[in-house]
Amino acid sequence: MAGILSRAVINDPVLRAAYTHCRSSVRQRDAVEYSIMQLMPPVLRPACWAMWAAFSAADDIADATQGPRTARAARLDAWTAALERELAAGSSADPVRHALIDTVRRWRLDVAELQLSFATLKEDARGRRLETWREWSARVGDSNFSWASQSMTLLARAGVPVPMWLRRKDAYQRYLDGLYLTDTLTDLSQDLARGDISLPAEVLDHFPQATDHLRERRWSPAVSDLVTHLTEQAHRWLDQPDLTGALHPGPAEMLRTATRLFHARLDAVQEAGPVLLSRPVLPTRRIRWQILAPARARAALAWRLAPLSPPPHRSGPAYPAPRQARSPLLVQPPPAHPSGARPPTIPADHMPRHVAVIMDGNGRWATSRNLPRHQGHRVGADSAVRDVIYGAAEIGLNYLTLYAFSTENWKRDTQEITYLFENVRDQLRSDIFTNDSYGIRLRWAGRNEGLPEDLVEELLKAESTTRHRTGLTVTLCFNYGGRAELTQAAAQLARAATAGDLHPDHLSEDDLASHLLLPDTPDVDLIWRTGGERRISNFLLWQSAYAELHFTEKYWPDVDRRDLWHTISDYAQRERRYGTAPPPTSSPDRLTTQDSVQ
């Protein structure tokens, strides 16, 4: 233990005591997770202990059985508020928070991701009913993403960059779902002691009486069938072998070992029977040791082959302070338009929620000025994209989606494609997305196949670092095609049907929608295309089923926020009927093509 702290350059006696406390806490509370952390490089283990001990401390407050939910939420609020104050000060009298603060500052971790996990725990403490697996999965992502993301950051800081296996977002999310469902099953007795059942209504409704019997702590055929169904489902979700494909041998060994340990936990759940309702269940020490002993040897060899860097020494005021996440109330308006123009006032019931833009005409703009085509893309990115995003935030739009590069654009000149990639890199590094003040969240919809690996990394990193923001959500459709998205969703549905997760005869539109790239994004209200063309070019085919269309002649580089505002104002004058009959004021003798279609 002392040797590990020395290798991590933790020499201060108070800090050593704080990290030692975290290690003991994690080891006693979460033996399986502690075993996985022991597969990390020794220089990173103290940071892992501190992060997990902090999450566990907050989780214990949220899950306490004493007192009403409001009291638990208030205690968790006080704990996280103290952490925020102490992060600024650089130390804490609480050993867990003291070690976490040192880890955040020492390894330059993103505080915003930690705060997102704590915010999710606050919602749990207040009580929240989850209706569907989709809601449940989103909750899992919010509470568990930070741990995985920060662990990869730690490895990168130590000199072992981890190729983002998050690029397989569907597989990654399913794997996280499997981990959390396993935790839910092994800790079922503790949830029941608080009066909670941390499962979505969607699955409970398929097992009549199971909910009542669980609350009564009665092991019945309905409960047994429910547990069997959930353990089988968790086994399937954990089986994501492609996630280790591009990993360094050290992280790959950790992931494989974690998977084996969680499969063993599920086996223990299935074998426990009625005991599951009275106490947490774990695989036996013998089974754990059979998995861990060879894994430790393989991990140790992998880390010996990797050149690892120790963290920087802590050194007074020059030591970097963490970047604090801003409160949603502190989101500031973007810079005003140079002309002084202000957005129009649009009634709330006439305001689109989601506008999608086909940014067309960049190349023709450049050609008309005897410039190379890539100069049009550069001006369009530097000027039009920035100003339209500002305009969307200024008028109060919730979602803005930009079609930046389609799956068909690979047919273009190689040099033009290269410049397009550079433009996206520059946008990701611009203050629009790096400055928390504007509250703009970035999301990426598209495929990683064919894209440079470093660009994929930057796209995913931008998604990660902005995911806590609550202002305008900007989705970048990059290497995206509507048909490809629907084909991928169909393939996932076919796999789910083959695995028995759904019945083909009961398939609904919601089932397909839940397998789209960003299923929690609302449907498109308005598609706006610049450049004079009048087609949607394989863009958001499912999401735009009832979208209004608006076409303008201007080339994209000539566009600014005032054009967006004009487009939204035009939309506000339209009547959206979604297939219903026109109002009775229309004459039946004047039926138009528009009246005859939905």
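The values are calculated or read from the model by the stated rules, or taken from the named source; none is laboratory data. These numbers were taken from a predicted model, which means no experiment stands behind them. Quick reminder, even Gly has a Cβ in these numbers, built from the backbone with ideal geometry, and neighbours come from all protein chains shown.
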So which helices (runs of 4 or more DSSP H) stay within region 367-460 end to end and still have 3 or more residues that are without any contact (Cβ under 8 Å) to a residue 60 or more places away in the chain?
373-379, 414-428, 431-434
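Looking at region 528-545, can you tell me whether even one residue there is modelled with pLDDT of 85 or more and farther than 27 Å from Asn423 by Cβ?
yes
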Search region 197-212 for residues that are surrounded by fewer than 16 Cβ atoms within 10 Å (Cβ to Cβ) and pair each with any residue that is aromatic (Phe, Trp, Tyr) when their beta-carbon atoms are under 8 Å apart and the residues are at least 6 apart or on different chains.
Glu202/Trp133
Just wondering, is there one or more residues in region 468-481 that are touching a helix residue (DSSP H, G or I) at 6+ places or on another chain (Cβ under 6 Å), surrounded by 20 or more Cβ atoms within 10 Å (Cβ to Cβ) and closer than 26 Å to Glu575 by Cβ?
no
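This table checks each residue for (1) within 26 Å of Asp501 (Cα to Cα); (2) at pLDDT below 95; (3) surrounded by 13 or more Cβ atoms within 10 Å (Cβ to Cβ); (4) of a type in the set (A, V, I, L, M).
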| position | (1), (2), (3), (4) |
| --- | --- |
| Ser224 | yes, no, yes, no |
| Thr231 | yes, no, yes, no |
| Trp237 | yes, yes, yes, no |
| Gln240 | yes, yes, yes, no |
| Leu247 | no, yes, yes, yes |
| Met254 | no, yes, yes, yes |
| Ala302 | no, yes, yes, yes |
| Ser309 | no, yes, no, no |
| His313 | no, yes, no, no |
Given the conditions (1) surrounded by fewer than 22 Cβ atoms within 10 Å (Cβ to Cβ); (2) under 31 Å from the mean Cα position of the chain (by Cα), which single one is not true for Pro13?
(2)
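Among the residues that make up region 496-508, is at least one of them in the same structural domain as Val388 (by TED's automatic domain parsing), within 23 Å of Leu420 (Cβ to Cβ) and not in a strand (DSSP E or B)?
Within region 496-508, the subset in the same structural domain as Val388 (by TED's automatic domain parsing) is 496-508.
Narrowing the set further to residues that are within 23 Å of Leu420 (Cβ to Cβ) leaves none.
Taking every residue of region 496-508 in turn, none turns out to be in the same structural domain as Val388 (by TED's automatic domain parsing), within 23 Å of Leu420 (Cβ to Cβ) and not in a strand (DSSP E or B).
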Answer residue from region 213-222, given it is touching a residue at least 24 places away in the same chain (Cβ under 8 Å) and surrounded by 15 or more Cβ atoms within 10 Å (Cβ to Cβ) and is nearest to Glu33 (Cα to Cα) among those:
Leu214
